[in-house]
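First up is the structure itself, then whatever we jot down about it.
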Amino acid sequence: MNAIFRKLAFLFRRNRFRSDLDEEMAFHREQTERDLVASGASHEAAHTAAARTLGNPTLLKEKSHEVVAFRAETIFQDLRFALRQLRKNPGFALIAVFILALGIASSVAIFAFVDAALIKPLPYKEPNRLVQLFESIPLGPRFHLSYPDYLDWKRMNKSFSSLDVFAPNGFMMKTPDGLRQTDGARVSAGFFRTLGVTPILGRDFYEGEDAAAPARTALISYSAWQKRYGGNPSVVGQRVDFDGDVYTIIGVLPRDFHFAPAEPADFWAIEKPTGGCEKNRGCHNLFGVARLKPGVTFAAAYDDVKSIALQLQRQYPNENRDQYAYMLPLTDVIVGDIRPILLTTLCGSGLLLLIAAVNVASLLLVRAESRRREISIRGALGASPRRLVRQFVTEGLLLASIGCILAVIGAREAMRLLAALIPRDMMAAMPYLHDLGLNSRVIAFACGLSIAAGVLFSLMPLARLRLGRIREGLADGARGSAGVAWRRFGANLVIIELATAMVLLAGAGLLGKSFYRLLHVDIGIQPDHIAMVRVEAPPEKYSNDTKQIALAREVVAAASALPAVASAGITTKLPIEDADWTTSFKIPGRPDTGEHKEVAIRMVTPGYMTTLRTTLAAGRYFTANDDASHQKVVIVNQAMARKYFPGEDPVGKQISFDLHKAPPMLIVGVIGNIQEGQLDAAPRGAMYLPFDQDPNSGFVILARTRQDEQTLLPALQSVLHSIDPGMAIYEPMTMDKKIHDAPSTYLHRSSAWLVGGFAITALLLGVVGLYGVIAYSVSQRTREIGVRMALGARRGSVYSMVLREAAVLTSLGVVTGAVCSIAAALAMRQLLFSVAAWDVPTLCAVAFILASAALVASFLPARRAASVNPTEALRTE
Amino acid sequence: MGKPDLLPGTLDMLILKTLARAPLHGYAIAQSIKRMSDDVLTVEEGSLYPALQRLLIHGWVTAEWKMTDTRRRARFYKLTAAGRKQLGVEVSEFNQMIAAITRVLAEQP
């Protein structure tokens, strides 16, 4: 304890300590000399002998100093010196810090997304034991379960500790102003217990509350509680009217709860077996969610449900034909789509960081080269090797820390920007991104990167300087061999940089091409100038077909009467969405081969296809005459025609939903495939029925306008409102925006832009790195070039000598990069759309861009080399 | 130079012991140790002064500027009471150590 106080006292009397020590040691020397003289040596000989036996005075003083000083003190000295070094060379400092911050910031920003989506556990108990259950049909694997199937799966399985269902459909909520569309889902009673979530207010559904008898209840999400009820605890007991039924709110869900497969959802209402669909095994409207029993593996559980589905197929050959079980880990359902793009962009940002780090490291190397003399002098003056090493470590860490601080600030902004760029609907479906930000894991990641960079930066110059060789550095002639060695090392770094840049450029090229191909997919419609809005009419008021048909006619007429509207039409489901709304059908007159025929189904008015300008391949479009009083008709798309009527003309043929009960429908037309699923999905069979023959109280009205479609939306909504204020009129949008914001478009666009941004930055950094190496090599070889020119070399041959060096580096970089690019592209196949990983035009274009940029970068130093004045070059040495 | 190095940890003890007789300056301490050990032990400047600073910090010695016989200013180190006690501790520990080493060496194989 006392020792510390004495040290502190020394700290304040530092100068005194120094002068004391100086004088004391000088005295010691004098005494040694005197003794030597006394023993018969000359004064000069005694002086040298004393100096030689006693050694370097500065080093000795340092040693004494270290005893009294705090260890941290020398670190401050090193830090001060490091700061002075950076300030003395602001250009270097700025560039190095900027490049490093750029590299780290991009990685950290992307990592924050990865963390929010893939690392942060989902807000459930043991989320990796949860699975989602689907029924798999010939159209695809991820389709709904029917309610009776759910009950059977729940009863028959031996693998799940619980199995529940949810229907993410939303509600029409009755308000004093009429119907309002409300986000929500219906769930079975054990749903939240299966997830392991407990309400923070009120109670959960009790076991059996989803039977027919108990009163209808609902839970409310935390955000909806805040937004709609101001966070008032009296929300429990409030009544809400969904789809014509009254529900009592019984509880509030935790703030961090989300369930992406049903989001956005404000209300979670109880599922009842009393609905029309619930009684029908052929009506599919539910997804299952289940928790694996302890010790049961995913594969075993999957086998279990598969055999249950097969048993149900045998038991109900009509309803359950071709209805197989499909099961995925819940985590895969929630983040499966976004995982490849996140990992790809994380790799992209990692590569960018690699280039940035290599770039800064080679800057440091050049600087270390020019500091050889400084280091040698410090060493000769008595700086211990450890102290010199520490100086470099301090400088490297200082650089990395400044970079890190800037990077964290930059990353926060970048995160905000990237999150803001996500379309609103997509963001709502990715609730796990809501608490995106600088949490402890992200900060730790940033610090880890910075420390790694700092270590790299401190080791780089050290490796070069070989501190032992102090004398070599003092003698300036030693530069020759060191210069060559450095050039070789720097050249290797540049090859890494160029190859990395090539990988990023190729990746960006392929993703860009995928995105282009995606946008130019033939979607079967002309999406420009289309305004649309969803309408849901109160079913009790529009209770029968006649009323619904009359409403639809009135809506189309009102929309068509708006100024600048060319035509208008109605559909029950829009293109570029999911593949829901399907039906099975039969072809009368053909033997039943047991094949399950299922296609998408939409009810449309005659104006729908003309408004979207679909292509008519055969037959005719619907007319106003195709109503209930006439022959039932249907239009099929080419995919359905090709699949079910191969080599035949379907027009004039008949199809039927049910050979025994429903009247057959006459195929009157074949249209080009409208993209009914996501843009990157293969075209699927679809049939279109006249709305007047199969009406509905909910639909979408579309209008083609001659003006800007965005400006039509308010007028369209207000004219609909004036028809019946009680209707829910929601989600106004334009077709172009819908395509632009569609998940598949967004995923492709964002990955293309992000990787493209990384690639361009990488190209710049790589080319600057090449420039640095060539320029340094030219500056080191000025004398050699002078000699060559003095001996008669032409400027042209000097040019080609320098350019050849650059060309060798570039081609090595490009070739290495091309091989790595193909490997990288194979790894991110999932993100490519109708482009091969080894797409030759892309690789060639990218190699060409990189090579030309490299040529430009090496041209400047080559010119400098060629304009060397031989006499001057020889004199400067 | 053929001479054995000082046993690690013994320099402090030797300095304290030297100062136990009379206050001395740094050079005299080095000379004294050299002389008393019949030129076997040499204390280098590079270890002497750091060691003296260490002793100062522990409060085992104090330093004072005084005139030497040759009319030169020199810094004289003087043992404190704490230093005397510390000397006792170090000597007894050292003796125990030597005795132990001797026993080991005396063991007949």
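Odds and ends about this structure:
- Sum of side-chain charges, A:GLU395 neighbourhood, beta-carbon under 11 Å (Lys, Arg +1; Asp, Glu -1): +3
- Of all lysines in the structure, the ones whose alpha carbon falls short of 17 Å from that of B:LYS78, not counting any fewer than 8 places away in one chain, are B:LYS17, B:LYS66.
- The stretch B:71-109: GluC sites (Glu not before Pro) in DSSP loop, at most 16 other beta carbons within 10 Å: B:GLU107
- Each label point was placed 7 Å from the Cα along the Cα-to-Cβ direction; for A:TRP838 and A:ASN625 their separation is 5.9 nm.
- Ligands, DNA and RNA aside, A:LEU354 has an accessible area near 80 Å² when probed at 1.4 Å.
- The protein assembly as shown - share of DSSP beta bridges that are antiparallel (%, nearest 5): 80 percent
- Only lysines eight or more places from A:LYS306 in sequence, or on another chain, were considered; those with a Cα closer than 19 Å are A:LYS154, A:LYS158, A:LYS293.
- Taking every protein chain into account, the accessible area of the stretch A:139-321 amounts to 42 square angstrom per residue (probe 1.4 Å).
- Chain A, helix-only ellipticity at 222 nm - DSSP H runs n ≥ 4, -39,500 (n - 2.57), divided by all residues, nearest 500: -18000 deg cm²/dmol
- Per residue, the Cα convex hull of the stretch A:37-160 amounts to 336 Å³.
- 3J(HN,Hα) couplings calculated from phi for the stretch A:689-700 with the Karplus curve 6.51 cos²θ - 1.76 cosθ + 1.60 (θ = phi - 60°) are, in sequence order, 10, x, 4, 5, 8, 8, x, 8, 8, x, 6, 10 Hz; Gly and Pro show x.
- Span from the the stretch A:278-338 Cα centroid across to the the stretch A:386-460 one, whole angstrom: 43 Å
- Whether the stretch A:261-337 is rounded, prolate or oblate, judged on the alpha carbon gyration tensor where a/c under 1.5 counts as rounded: oblate
- Protein heavy-atom surface of the stretch A:139-321, 1.4 angstrom probe: 52% of the accessible area is carbon and sulfur, with nucleic acids and ligands not counted.
- Neighbourhood charge, 15 Å Cβ-Cβ cut-off, centred on A:PHE585 and excluding it, Lys, Arg +1 and Asp, Glu -1: +3
- The Rg/Rh ratio for chain A is 1.13, where Rg is the radius of gyration of the alpha carbons and Rh is the Kirkwood radius.
- Helix axis angle, A:440-465 relative to chain A longest principal axis, alpha carbon, degrees: 30 degrees
- Surface share of carbon and sulfur [accessible, 1.4 angstrom probe, percent] for the stretch A:790-877: 69 percent
- Pairwise centroid distance, computed over Cα atoms, of the stretch A:787-834 with the stretch A:661-725, Å: 55 Å
- Cα long-axis angle, helix A:795-827 against chain A (0 to 90 degrees, to the nearest 10): 40 degrees
- The Cα-based radius of gyration of the stretch A:139-321, divided by its Kirkwood radius, gives an Rg/Rh of 0.99.
- Loop trypsin sites (Lys or Arg not before Pro), the stretch A:126-211 (other Cβ atoms within 10 Å of the site Cβ: 16 or fewer; DSSP): A:LYS158, A:ARG203
- Remark: accessible surface ordering of A:GLU554, A:GLU24 (largest first) is A:GLU554, A:GLU24, probe radius 1.4 Å.
- Between helix A:385-421 and chain A there is an angle of about 20 degrees, using the helix long axis and the longest principal axis of the Cα atoms.
- Local electrostatic count, B:ALA30, Cβ distance below 13 Å [Lys/Arg +1, Asp/Glu -1]: -2
- Sequence-distant lysines (8 or more away, or on other chains) whose Cα lies within less than 16 Å of A:LYS632: A:LYS586, A:LYS653, A:LYS661
- Taking 0.36 nm per residue of separation and subtracting the current Cα-Cα distance, fully stretching the chain between A:LEU562 and A:SER867 would add 102.5 nm.
- Ranking by accessible area, most exposed first, for B:TRP65, A:TRP581, A:TRP838 with a 1.4 Å probe: A:TRP838, A:TRP581, B:TRP65
- Here is the short version for chain A: A:CYS347, A:CYS404, A:CYS447, A:CYS820, A:CYS844 have no other Cys C-beta closer than 4.7 Å.
- Backbone geometry of the stretch A:719-730 corresponds, through the Karplus equation with coefficients 6.51, -1.76 and 1.60 at θ = phi - 60°, to 3J(HN,Hα) couplings of 5, 5, 4, 6, 5, 7, x, x, 7, 7, 10, 9 Hz, x marking Gly and Pro.
- Accessible area that becomes buried as B packs against A, both chains, 1.4 Å probe, Å², nearest 100: 2200 Å²
- Residue-wise HN-Hα couplings along the stretch A:833-841, as the Karplus relation 6.51 cos²θ - 1.76 cosθ + 1.60 with θ = phi - 60° gives them from phi, are 10, 6, 9, 7, 5, 9, 3, 5, x Hz; Gly and Pro carry x.
- Restricting attention to the stretch A:592-704, close to 40% of DSSP beta bridges with both partner residues there are antiparallel.
The values are calculated or read from the model by the stated rules, or taken from the named source; none is laboratory data. In this text, all values refer to a predicted model and were calculated from it rather than measured experimentally. Backbone-built Cβ (ideal geometry, glycine too); neighbour counts: all protein chains shown. Remember, those area values only see protein heavy atoms, side chains included, never the ligands or the DNA or RNA. Shrake-Rupley method; radii C 1.70, N 1.55, O 1.52, S 1.80 Å.
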